[in-house]
Structure formats: structure tokens, C-alpha cells
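Working notes for the structure below.
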Amino acid sequence: MNARKMTPWSVALVLALLCGTACAEVPSVEWRDLSDRDLSPQGKAALAIEPERWRHAESTHFVYHYGDAKQADTVWAHSEVYYGWIKEIFGVPEDAWTKKAHLFVFDREEDWKAFKQRVGEGEFAEAFTTGWELFIYRNPFWLAPQKTLAHELTHVIAFRFLEGPLPLFLNEGFAEFMGYRAIVPKGGGSEYDLRVVQLVDPDRWVPLEELASTKTYPGDRIEDFYRESELFARFLILQNPPADRFYKLLRAVSGGTAFDRALEEVYGVTPEELEPRFRTFATGQKTPPKS
Ligand SMILES: [Zn+2]
């Protein structure tokens, strides 16, 4: 009667001890057996770095390239989940693409550096995408691997459902939004819980028009830029339902429609009309009347 019951924690501990790394191992596939081997020049350059080290795997929408299966684990376990989330937010019933996204997971700093040098990528980048490919360095010191991963995967997943590139603030704003969604504690309230998201300091507010026309990463205000862009995506998706309107907006701008026009077509407001409500949402303070 007094037999000790195993708590979920102790079960997890025993499983971890029994499995070692083998349980979660990504099932590898020979290169020649992959259903999609179509790579960009960057993808080919990646596989040319320590070529004998690369292993490959495949799931419904992704092909994985990695050196160490343990390091590729998180990517393998989450990519299809994030794919499902995005498809659901977008309200897309059928994915018209048969092509798979290619995910390259680097786990050695020297390889990552050599690769970036070869393709001319910035020294400090920890991940970048080329449309359907994601190159990511699995930094052992990552504080929030899931957030970074969800952010980066969002770029390649959204690409499937769009007509072309997005304006910077929508591209990064939506990726950040998905990044936060990935780290909301499970089982604790809404999955869109705002607790992890910081609001914008009203003194650092960037008018929507200016945010929308940002063409390059603003080096001195990068954090503010990501924060306000994320809050804009969050505001449209959660405060202006249904969420598939957000997808309609993204599609229109990715097809070449100007942001102001697309916003008016989909949400029926101009940026100036929308700004006070967005500002109140993003700063937590009522917008002062214009002087
Ligand atoms: Zn990004």
C-alpha cells in the first residue's frame, strides 16, 4: 500500500538514464535516398565543408543536414510542429509546394566560420536563410535555443506560402512572434501569454510609417526594432482577428503591393488610422492627443 509511486519527474530521469542519447536520435538517410537534393550554391558550399561529416534525414516538409545527431535533435523535434502552427495561423488548407526546406545544422564553430567566409556571410551571424534553406549554428551557449530556432524556421516556412520577400519589419516581426510562442510555458495559461514579451518604452517609439519603411537592420536600435515589429505582428494576429487576415496582408506585400495599400485592402485602415490603437497596445499607454 505504501509502495512509492513514480512521479513524472522520476520516470523522465530513469528514461534519460536508460536511453543516453540513443532514444532521441534523428533517423539518418543516405544522401542518394533523399527525395529532394535540390540545393542552392550556398547549400552546396555548406556540404563541401568537412563533406564526410554530414549526415542527412528527412521529414514531410524538411530535409536535415547535420554532423552530430544529438545537436540536430531540437531541430528535428520541432520543425514540423512549427510548420503546423504557421499553416494554421495562415489558414492555408493545402500547401502547394512539394519542395522541401533544407535545414543545415552546424555544431562546430570552426566549420561554421569557414562556411560563412566561403559564402560571404557576416562574421557574427548565428543563422541565416536563403529562401528555402536555413543555415544555423547550434551554439552550445544558446540561452533560448527554441526561441531562436522557431524564429529562424519561421523565415523558411513562411517563404513557402508567400510570393516573394517581405518588408523587414513584417519578416522579423512575425518570426519573433513565433519565437515567443515557442517558449511560452506549457500548461500555464494562454499559449499567447504576453508575460514574456516586453512593451515598447514610449520614449523610444518609432512611428509605424517609419517602422514599415525600414530597409536595413538599424544597428543602433536593433532591439527596439525587433520588439516593436514583434508587437505589430502580435497586434494584428491577436487583436484583429481572424488571423488569416494577417496572412492576406503578408501575401499582398510579398507580391509587390505597398504596405499602406495592402493594409487598407485587408484591414480597412490606413497606417495613420491604425497607429493610435497599435501604440496603446505596444506601449501599454494611451496615445497622447496630437499637439
Ligand atoms: Zn530573423
Problem set entry | Phe115 being among the hydrophobic types (A, V, I, L, M, F, W, C), at pLDDT 95 or above and either surrounded by fewer than 16 Cβ atoms within 10 Å (Cβ to Cβ) or within 16 Å of the ligand (Cβ to nearest atom) (or both) | no
Exercise. Picking from Leu149, Leu162, Leu153, Leu168, which residue would you name as being aliphatic (A, V, I, L, M) and away from the ligand (no atom under 12 Å from the Cβ)?
Worked result: Leu162
For this session: State the number of residues belonging to segment 112-147 that are among the charged types (D, E, K, R) and in a loop (DSSP other than H, G, I, E, B).
Result: 4
For this session: Search segment 144-168 for residues that are of a type in the set (Ser, Thr, Tyr) and pair each with any residue that is away from the ligand (no atom under 11 Å from the Cβ) when their beta-carbon atoms are under 7 Å apart and the residues are at least 6 apart or on different chains.
Result: Thr148/Trp142; Thr154/Tyr82; Thr154/Ile86
Problem set entry | Some residue of segment 60-71 being aliphatic (A, V, I, L, M) and not in a helix (DSSP H, G or I) | yes
For this session: Output the residue which, of all residues in segment 72-101 that are part of a loop (DSSP other than H, G, I, E, B) and among the acidic types (Asp, Glu), is nearest to Arg37 (Cα to Cα).
Result: Asp95
Exercise. Does Glu272 count as over 27 Å from Phe161 (Cα atoms) and surrounded by fewer than 16 Cβ atoms within 10 Å (Cβ to Cβ)?
Worked result: yes
For this session: Among the residues of segment 123-132, write down those that are more than 14 Å from the ligand (Cβ to nearest atom) and either in contact with a strand residue (DSSP E or B) (Cβ under 6 Å, 6 or more places away or on another chain) or in contact (Cβ under 8 Å) with a residue 40 or more places away in the chain (or both).
Result: Trp132
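The values are calculated or read from the model by the stated rules, or taken from the named source; none is laboratory data. Note that the structure is predicted; figures quoted are calculated from it, not measured. Neighbour counts run over all protein chains shown; Cβ positions are idealised from the backbone, glycine included.
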